[in-house]
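The values are calculated or read from the model by the stated rules, or taken from the named source; none is laboratory data. Quick caveat: nothing in here was measured; it's all calculated off a predicted structure. In this analysis, Cβ positions are derived from the backbone assuming ideal geometry, glycine residues included, and neighbour counts consider all displayed protein chains. In case anyone asks, the SASA skips ligands and DNA or RNA and just uses the protein heavy atoms, side chains included. Shrake-Rupley method; radii C 1.70, N 1.55, O 1.52, S 1.80 Å.
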Amino acid sequence: LEYMYRKFFARDDLPKNIRALEKEAMVNMCFTTAEYHFGGGDRKAAARVALKAFRQSPELFYRPVLIHKLFYCLYGSSALYQRSRDVYHRARASAAS
């Protein structure tokens with residue numbers, strides 16, 4: 001997945017508005033990969049890839065959704081994560097209404 005993303009953003013013919021999405025796309029790609037690892041039971045690989053996402057673009061992590069994804073990949077099976085997930089979803093629902 002990372003190879004395909006890198007090849008795509010290396011193209012010379014990409015419009016500027018698409019190229020501007022590269023950092024965010026790479027972060028999302030890392031989380032997608034991390035979630036595959038987590039779902040497959042490889043928590044160490046999930047944590048490694050999630051931290052890679054953070055290191056690539058720490059400035060994007062002001063958004064709660066990315067912090068939530070990071071915590072899921074690091075602590076998704078823990079009771080602490082389960083409780084924080086519930087708080088996160090209630091806060092999102094409250095903000096949406």
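Condition check ((1) closer than 30 Å to residue 94 by Cα; (2) of a type in the set (Asp, Glu)) across all residues:
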{"site": "5", "(1), (2)": "no, no"}
{"site": "12", "(1), (2)": "no, yes"}
{"site": "16", "(1), (2)": "no, no"}
{"site": "23", "(1), (2)": "yes, no"}
{"site": "29", "(1), (2)": "yes, no"}
{"site": "37", "(1), (2)": "no, no"}
{"site": "47", "(1), (2)": "yes, no"}
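Given the residues 93, 25, 46, 34, which is the only one that is touching a Ser or Thr at 6+ places or on another chain (Cβ under 9 Å) and assigned to a helix (DSSP H, G or I)?
46
Does residue 92 satisfy the condition of being of a type in the set (D, E, K, R), more than 17 Å from residue 2 (Cβ to Cβ) and more than 17 Å from the chain's Cα centre (by Cα)?
Judged against the criteria, residue 92 is a match.
Quick check on segment 7-19: of everything there that is closer than 28 Å to residue 46 by Cβ and without any contact (Cβ under 8 Å) to a residue 12 or more places away in the chain, which residue is surrounded by the most Cβ atoms within 10 Å (Cβ to Cβ)?
Result: 8.
For residues that are open to solvent by 60 Å² or more (accessible area, probe 1.4 Å) and part of a helix (DSSP H, G or I), scanning just segment 66-81, find the one that is nearest to residue 34 (Cα to Cα).
72
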